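Enquirer: The structure is given below, and queries will be raised subsequently.
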Amino acid sequence: MIQWVKTASVYLHRDPVDFRKAINGLAVIVSEHMELSLLDSAIFVFCNKRRDQLKVLYWDQTGFTLWQKRLEKDKFKWPRKHSAATITLTHEQWLRLLRGFDITKLNPHNTIRFSDVS
């Protein structure tokens, strides 16, 4: 199994993508439509129209890597109705999306920061 780097940013392209696109076609979407840098430590995630496949593009310091996952009997819970065209995920949300969870319905507790304890 691939070990995804926890420090990498994860960006989802909300709209479906033609899965005939390979590295160069997806790179154009990242740079022109998502307006993000391809060479950052980031994972760029795309879904097909049927939502049964994902493609993941990332730069591994030696070249571009393209990873694909196809579900045989299910669909990814893709945030199609999200207001933003590019959605930023936490590492935890990314792993949950891969496992089939609806990330729009999973909200963690709010983080509390104290200046002192009494």
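Enquirer: Putting +1 on Lys and Arg Cβ atoms and -1 on Asp and Glu Cβ atoms, find which of 46, 65, 91 reaches farthest to the positive end of the dipole of the chain.
Expert: Most positive-ward Cα: 46.
Enquirer: Also, quick follow-up: Can you compute the radius of gyration and Dmax for the chain, using only the Cα atoms, both in Å?
Expert: Just the Cα atoms of the chain yield Rg and Dmax of 15.6, 60 Å.
Enquirer: Can you tell me the dipole magnitude for the chain around its Cα centre, using point charges on the Cβ only (Lys, Arg +1; Asp, Glu -1), in Debye to the nearest 20?
Expert: With Lys and Arg at +1 and Asp and Glu at -1, about 640 debye.
Enquirer: Indicate the gyration tensor shape class of segment 48-92 (rounded, prolate or oblate), computed on the Cα atoms with a ≥ b ≥ c the square roots of the eigenvalues: a/c under 1.5 is rounded; otherwise a/b larger than b/c is prolate and the rest oblate.
Expert: Oblate, since a/c reaches 1.5 and b/c is not below a/b.
Bear in mind that the values in this text are calculations on the coordinates, not laboratory data. Just so we're clear, the structure is a prediction, and the values are computed from it rather than from any experiment. Glycine also receives a Cβ, built like all others from the backbone with ideal geometry; neighbour counts cover every protein chain displayed.
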